[in-house]
Structure formats: C-alpha cells, structure tokens
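This report concerns only the one structure given below.
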Amino acid sequence: MKQPIFGSALALAAVTLAALALIPRATARIDRQAAATATTVQVKGGEFFFRLSAKSAAKPGKVTFSFKNVGHVRHDFKINGKKTPLIRPGKTVKLVVSFKKKGTYPYLCTVPGHAEAGMKGVFKVR
C-alpha cells in the first residue's frame, strides 16, 4: 500500500529535526574535550626575568600564556609572532598562541634592553 506524500514529508521533517537537535550537544562535548586538553602556561615577568610554570613545554596546538607582570615597570611577552600589550606592574593578560609543529620557540620582552638584560627564553613544543 502506498503512503500518502504528506505523511512521508512529515516523517522526513521529524527525523531531520531530531538529527539537528543533537548537533549542539555533540559540539558542546567536543568544546569541553578541547578545553580539557588545552595547555595553559603561567608566566611571571619582572626586572629582568621570565619564570614559566611547570608546564613550560606543550604539544602542538593552542597554548594560553597567562602573563603576570610582577616587576616595577611595564613589560610585554612575545612568542611565535604574537605578543601582549605592554602591561603595568601587578596586571595579568592572556595570550593564545597556536603552535603547528614541534620545535623550540624563543620568547622575550620587546621593551628596548629588556631581552638583553635577561627577559628571554625558549619554549619547547614536543
């Protein structure tokens, strides 16, 4: 027996809506998984040093550097072509950087004379 066209269209619409309703849940699960595997590195900088947290190396992907200026003058943090603005003493700023491949990536403070005085180092991506 042939089903009416109207009934088939309703069934198809119901299946489509049910499938679309699942997409946000799947996307949210992927976002939570990505957040759980994201790397955050705490960076403290002052006259004239940088100190990175124990997670001073990462796998390729996105890394968030949370840079806190613990010094007495303005500093910034530059790595892999990205940098923070100059920040005042006591302030913290976040910098998200994507590393596509393994290697060593130099970081430094771009204030004239600061890198030469010791505000530099190398971050490893393995």
DSSP beta bridges in region 38-125: the antiparallel percent, rounded to 5, is 70
Extension length gain for T110 and K94 (0.36 nm per residue less Cα distance), in nm, is 4.1 nm
For K91, give me every one of the lysines with a C-alpha distance below 27 angstrom, ignoring sequence neighbours fewer than eight places off in its own chain.
K44, K55, K62, K68, K78, K82, K83, K120, K124
Total formal charge among the other residues, if their Cβ is under 11 angstrom from that of V96, Lys/Arg +1 and Asp/Glu -1
+3
Estimated vicinal HN-Hα couplings, Hz - region 96-107 in sequence order (Karplus 6.51, -1.76, 1.60; Gly, Pro = x):
9, 10, 9, 10, 8, 9, 5, x, 10, 10, x, 10
Give me the compactness ratio for region 38-125, meaning the Cα radius of gyration over 2.2 N^0.38 Å.
0.99
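Bear in mind these aren't lab numbers, they're just calculated from the coordinates by the rules spelled out. It should be emphasised that the depicted structure is a prediction, and the values quoted were computed from it without experimental measurement. So basically every Cβ, Gly included, is an ideal-geometry build from the backbone, and we count neighbours across all protein chains shown.
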